[in-house]
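Structure, as structure tokens:
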Amino acid sequence: DGTSDTETRWSFADTAMSSGAFAAHLNNRGIGAGDRVILALNPGLDYIAALYGLMRLGAIPVPCFPPLRAKDSDRFLAIARNCAPKAIVIDSPYAEQISAIRDRLKLDGLDPDIVNPEHVARTATDVTPVPIWPTDIALIQYTSGSTGAPKGVCLTHDNLVSNCQALDRSMGHDPDRVGLSWLPPYHDMGLMGTIILSMYQGWPLVLMSPMHFVQQPRRWLNAITEYGVTTTVGPNFSLELCVDALGEDETDDL
């Protein structure tokens with residue numbers, strides 16, 4: 001709920017186990033190496049488990065916003081038509097929207113499987129990870145589509161590692177680093193600049209839903225204080241929201 005009262009904690013071992021369960025479930029649904037899979041889960045730990053579960057199979061995740069609004073559905077449809085996914089991993093509350101999208105995709109000869117995270121057995125047997133080469137495609141990142149049809153960029157595993165190394169050099173070494181992000185995991189900074197970076201470097205990352213931040217910007221600042229966060233990131237408008245939401249006498253405890 002945007003506070004520590006309802007937090008869920010995963011260790012790196014928990015994350016590996018959960019991603020293995022996702023990999024086993026997806027593998028049982030016939031998803032394998034080279035298959036493109038749209039990853040449209042809400043921000044959270046299941047998103048990370050599904051991301052790495054797909055990579056364990058050698059499948060190619062395609063991060064995408066869930067189709068909440070009509071504009072989102074149009075972009076989602078354009079991305080699906082372009083990448084021809086074998087499956088779509090999405091939360092069950094979007095069943096109505098995704099059913100309508102699927103019907104339109106069938107007209108184009110596409111019929112992706114729909115996978116909901118609540119159907120993944122957390123005790124599922126892991127699968128043997130598919131060998132990966134640095135030049136293999138790790139994921140496909142699409143543009144926003146605000147000025148035209150979304151365009152996909154194929155990023156290799158070497159691209160992701162190189163990005164992590166560049167950020168590592170820029171940020172410097174900090175053995176006590178604690179990160180925090182409320183950024184959507186569908187964009188570069190929210191996915192590669194925080195989630196993948198923290199997994200690569202091995203420091204803890206506190207995650208908050210973008211919705212919870214926008215509803216109450218102070219939650220971001222509270223979390224920085226409570227978790228001893230040393231590294232966080234946000235665009236200009238997020239700082240402006242904090243300034244607008246807080247008076248000068250409301251920051252003494254931060």
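Remarks
- Nearest 10 degrees, 0 to 90: helix 157-171 Cα axis against the chain principal axis: 10
- Accessible area expressed per residue, the chain, with surrounding protein chains retained (probe 1.4 Å, Å²): 51
- Using distinct alpha-carbon pairs, which all enter the 1/r mean, Kirkwood radius of the chain in Å: 19.2
- Cα gyration tensor shape for the range 121-192, rounded if a/c is under 1.5, else prolate or oblate: rounded
- The 3J(HN,Hα) values that the Karplus relation (6.51, -1.76, 1.60; θ = phi - 60°) gives for the range 105-115 are, in residue order, 5, 4, 5, 9, x, 10, 9, x, 6, 9, 10 Hz. Gly and Pro appear as x.
- Computed [θ] at 222 nm, helices only, for the chain once each DSSP H run of length n ≥ 4 contributes -39500 (n - 2.57): -12500 deg cm²/dmol
- Candidate residues His212, His119, His187: accessible-area rank, largest first, probe 1.4 Å: His119, His187, His212
- Nearest-20 debye value, the range 26-171 charge dipole, Cβ charges on Lys, Arg, Asp, Glu: 260
- Along the chain, counting only trypsin sites (Lys or Arg not before Pro) with a DSSP assignment other than H, G, I, E or B and at most 11 other Cβ atoms inside a 10 Å radius, the longest segment between sites is 70-254.
- Dimensionless Rg ratio for the range 67-132, taking C-alpha atoms and the 2.2 N^0.38 Å reference: 1.30
- Estimated translational diffusion coefficient (Stokes-Einstein, Kirkwood radius over Cα pairs, 25 °C, 0.890 mPa s) of the range 146-254: 159 µm² per second.
- Calculated from backbone phi, Karplus (6.51, -1.76, 1.60) coupling profile of the range 3-14 in Hz, x at Gly/Pro: 10, 6, 4, 10, 5, 10, 10, 10, 7, 5, 5, 4
- Asp244 contributes about 130 Å² of solvent-accessible surface, heavy atoms of the protein only, 1.4 Å probe.
- Compared with the dominant Cα axis of the chain, that is its longest principal axis, helix 218-227 is turned about 80°.
- For the range 76-183, the fraction of alpha-carbon pairs lying more than 24 Å apart is 50 percent, rounded to a whole number.
- Computed in the context of the full set of protein chains, the accessible area of the range 127-254 at 1.4 Å probe radius has 56% of its extent on carbon or sulfur.
- Cα gyration tensor shape for the range 11-91, rounded if a/c is under 1.5, else prolate or oblate: oblate
The values are calculated or read from the model by the stated rules, or taken from the named source; none is laboratory data. What you see is a predicted model, and the numbers here were worked out from it, not measured in a lab. Ideal geometry is used to build each Cβ from the backbone, glycine not excepted, and the neighbour counts take in all protein chains shown. Heavy atoms of the whole protein, side chains included, go into the accessibility calculation; ligands, DNA and RNA do not. Shrake-Rupley method; radii C 1.70, N 1.55, O 1.52, S 1.80 Å.
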